[in-house]
Every structure is written in C-alpha cells, then in structure tokens.
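Comments concern the structure below.
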C-alpha cells in the first residue's frame, strides 16, 4: 500500500507540468488562507481610534490617498502588493472602499517608477518612450476618473454592485473573470488573425 502511494506520487511529480499545477494550487490556497487570516484579525490589531483617524485623513483629501498609494508602491515596487494590503483593511472595516480608491489610483502611478528606473538604466530612447507612455497613461486615467467630481465615485459604486452580485452568485464571478481574461482576449486574437 505505502509503496504504491510512494510510486504514484513520484510518478505524478516527475512531470514538470503536474508539479507546476500542484504548486500553483498550493500557492493560491495559501494566498486565500493568508488573506482570510489577515482579514479576520485586522480589526483586533487596529484600534478604533486609528480606524477613525485613517478614514478621516483620507476622506478630507483624495490627494493624500493618491500620494500614499504612490509612496507605498514605490517603496514595495509593486502595485499588486499595495492593493493586496488594502483588501483585508477594507474587508475588516478598518478602511472604507471610497477611501481606498485614491490609494489604488496612486498605486497605478507608483508602479510606473520601476519602468522609469529601468529605462534610465538602459539609456535607450525606445525604453524611455514606453516607460513615459506607461506613466502618462496611468496619470491620464487618474485625471480622467478622479478629478471630475461626478465621475469620482463611479468606479467604486460600479465595483460595489459587481461585488454584491459576485457574493450572491459566485459562479458569475468566476464566469466574469474567465470571460474577461480568457474568452475576450482569445476572441480578439482570433478576430485579428
């Protein structure tokens, strides 16, 4: 019995593709477990006074939130990390979604710094051009979606409605992700071919 299990595991993990999928599943599982743990414990770790102070500071000026997003993202060199930090803060009620939104906009601007540094190091015009396009695209998006007051809260409201639907019908959330990141690109590639 034990020898059979041992041989089966050895055979399965001898194939790089199976090992890669297994490691991916373990990694995704650990990410979900970690985010769940952080979310459940965040409220305990952060006092109500800090919560009120943080939300009050970010409510006064979206510019502060944008600057926080830029600085944190430049420091950690990843907008994904900045955004991942926000998720448990919002889920535990420490930070309001409307106050996290400017931070995500700042994170999108901050993430361009890595490309700018790489382009400066490479010293090539084409590299700097692409890095500046990345910066201008993200700054333009922030100006377009945050500066006009009527549009400022639209992305958060739309995301909130989408979140409500996703929580009610989890299969729809999966379909949305698959459609957006798999089906639409494949249709686009097929159409261009």
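The values are calculated or read from the model by the stated rules, or taken from the named source; none is laboratory data. Predicted, not measured: the structure shown is a model, and the values here were computed from it. Cβ sites come from the backbone with ideal geometry, for glycine too, and all protein chains shown count toward neighbours.
Quickly run through the range 121-150 and pick out the residues that are under 24 Å from residue 98 (Cα atoms) and outside any helix (DSSP H, G or I).
Matches in the range 121-150: 147, 148.
Does any residue of the range 164-174 turn out to be out of contact with any strand residue (DSSP E or B) (no Cβ under 8 Å at 6 or more places or on another chain) and touching a residue at least 12 places away in the same chain (Cβ under 8 Å)?
no
Please indicate, with yes or no, whether at least one residue in the range 151-164 is surrounded by fewer than 11 Cβ atoms within 10 Å (Cβ to Cβ), assigned to a helix (DSSP H, G or I) and at pLDDT below 90.
Among the residues of the range 151-164, not one is surrounded by fewer than 11 Cβ atoms within 10 Å (Cβ to Cβ), assigned to a helix (DSSP H, G or I) and at pLDDT below 90, which makes the answer no.
Count, please, the residues in the range 25-51 that happen to be assigned to a helix (DSSP H, G or I), at pLDDT below 65 and out of contact with any helix residue (DSSP H, G or I) (no Cβ under 8 Å at 6 or more places or on another chain).
7
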